[in-house]
Amino acid sequence: MERFDNRRVLITGAGSGIGRATVHRILSEGGTVVGADVNEAGLAETAEQASERGAAERLTTLRIDVSDESSVRAGVASAVETLGGLDALVNAAGILRSAHTRQVSLDEWNRIIGVNLTGTFLMIRESLPALLESAHGVIVNFTSTSAFFAHPYMSAYAASKGGIMSMTHALAAEYAKQGLRVVAVAPGSISSDMTDGRGPGLPADADMSLFMKLAPAIGQGFASPDTVAGVVAMLASDDGAFITGTEVRIDGGTHA
Ligand SMILES: NC(=O)c1ccc[n+]([C@@H]2O[C@H](COP(=O)([O-])OP(=O)(O)OC[C@H]3O[C@@H](n4cnc5c(N)ncnc54)[C@H](O)[C@@H]3O)[C@@H](O)[C@H]2O)c1
């Protein structure tokens, strides 16, 4: 008996990094998954990897732009129909843009809030009816260590992640009596497209001394997305049955 046998899971950000690692982790524990992302090439790679692991028949990939209301409406409806219901929603989709705050345009601010915070809200709102039908309903959101601790050049990102954390607490209280749990993970120092230089990096003239204290205390540097996927799986499974309205920090002791 696996933890996710007969569990139906919708995961955003499934085309890369932590979302992809979570897809593989939940498939490996018997779950049936719809993996959603705006990046279709990334989704194809995730599906290819699932096929190599012999789990292709339990994974469906789907293009959803979480910042677009009509895309989320259609995508969640399609996912719920494919899965025949929904037990868990994992909101891993997100973007990081770093800049001097005095140079952040309103469009850029709105884009970061739109994907990270509003995207998480839209996915939750559209998934709630199906999640409330489940006997095991759970939402796992992605906040960040930047929501709690000072991370320079990331004020919009940090604000979006702080909003996700606050929303997680409010939702947990609102739906607890209906049996729905709402939790968050707060990763930090995890190696992915977002952090390893493949995305837009820090400003060229960034003061690197501000990052001196932002290093993991354990391990050899940034950790694998698998280290977060295992915690997400615990929280989304019945092992997390008494956990709601809180977040788990996964940062190798960067902020210990
Ligand atoms: N890597 C870290 O150290 C770290 C730290 C704190 C929080 N996080 C959070 O973890 C989550 C996963 O990030 P990651 O590190 O795996 O980064 P990543 O860039 O590898 O993955 C993010 C995924 O989200 C997708 N995405 C972006 N915009 C989207 C949209 N509008 N609609 C649908 N999908 C969209 C991207 O295509 C990508 O596949 C994010 O929410 C991120 O903010 C990561």
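Treating the angle as unsigned and between 0 and 90°, give the value, to the nearest 10°, between the Cα long axis of helix 40-52 and the longest Cα principal axis of the chain.
In the chain, helix 40-52 runs at an angle near 60 degrees to the longest axis.
Using only Cα atoms, find the angle between the long axis of helix 226-236 and the longest principal axis of the chain, and express it within 0 to 90 degrees, rounded to the nearest 10.
Between helix and principal axis, roughly 50 degrees.
Do the sum for the chain: with -39,500 (n - 2.57) for every DSSP H run of n ≥ 4, divided by all residues, what is the mean residue ellipticity at 222 nm, to the nearest 500 deg cm²/dmol?
Values: 7 runs with 94 residues, N = 256.
Using -39500 (n - 2.57) per qualifying helix, the result is -11500 deg cm²/dmol.
Out of the total accessible area of segment 1-121 (probe 1.4 Å, heavy atoms of protein only), what percent is carbon and sulfur? Provide the component values of the computation, followed by the final result.
On the way: 2500 of 5380 Å².
Using a 1.4 Å probe with all protein chains present, segment 1-121 comes out at 46 percent carbon and sulfur.
Could you give the angle, 0 to 90 degrees to the nearest 10, between helix 69-83's Cα long axis and the longest principal axis of the Cα atoms of the chain?
40 degrees
Which of GLY240, SER16, THR227 sits closest to the plus end of the dipole of the chain, meaning its Cα is farthest towards the positive end, when Lys and Arg get +1 and Asp and Glu get -1 on the C-beta?
Value computed over the given set: GLY240.
Over the Cα atoms of segment 8-250, Rg to Rh with Kirkwood Rh, two decimal places? List each step's numbers first, then the result.
Values: Rg = 17.2 Å, Rh = 18.0 Å.
Reported Rg/Rh (Cα atoms, Kirkwood Rh): 0.95.
Roll a 1.4 Å probe over the protein chains and send me the accessible area per residue for the chain in Å². Present the calculation step by step, with values, prior to reporting the outcome.
Numbers: 11620 Å² over 256 residues.
For the chain, the per-residue accessible area is 45 Å².
Relative contact order for segment 8-250: what percent, with Cα pairs under 8 Å and sequence separation of 6 or more?
Details: 456 pairs, mean separation 50.9, N = 243.
Over segment 8-250, the number comes to 21 percent.
Need one number: nm distance between label points at ASP107 and ALA41, each 7 Å from Cα along Cα→Cβ, rounded to one decimal.
Taking the two extended label points, one gets 2.3 nm.
The values are calculated or read from the model by the stated rules, or taken from the named source; none is laboratory data. Given the structure is predicted, the values throughout are model-derived calculations rather than measurements. When we count neighbours, we look across all protein chains shown, and the Cβ atoms used for this are built from the backbone with ideal geometry, even at glycine. Surface accessibility is based on the protein's heavy atoms, side chains included, excluding ligands, DNA and RNA. Shrake-Rupley method; radii C 1.70, N 1.55, O 1.52, S 1.80 Å.
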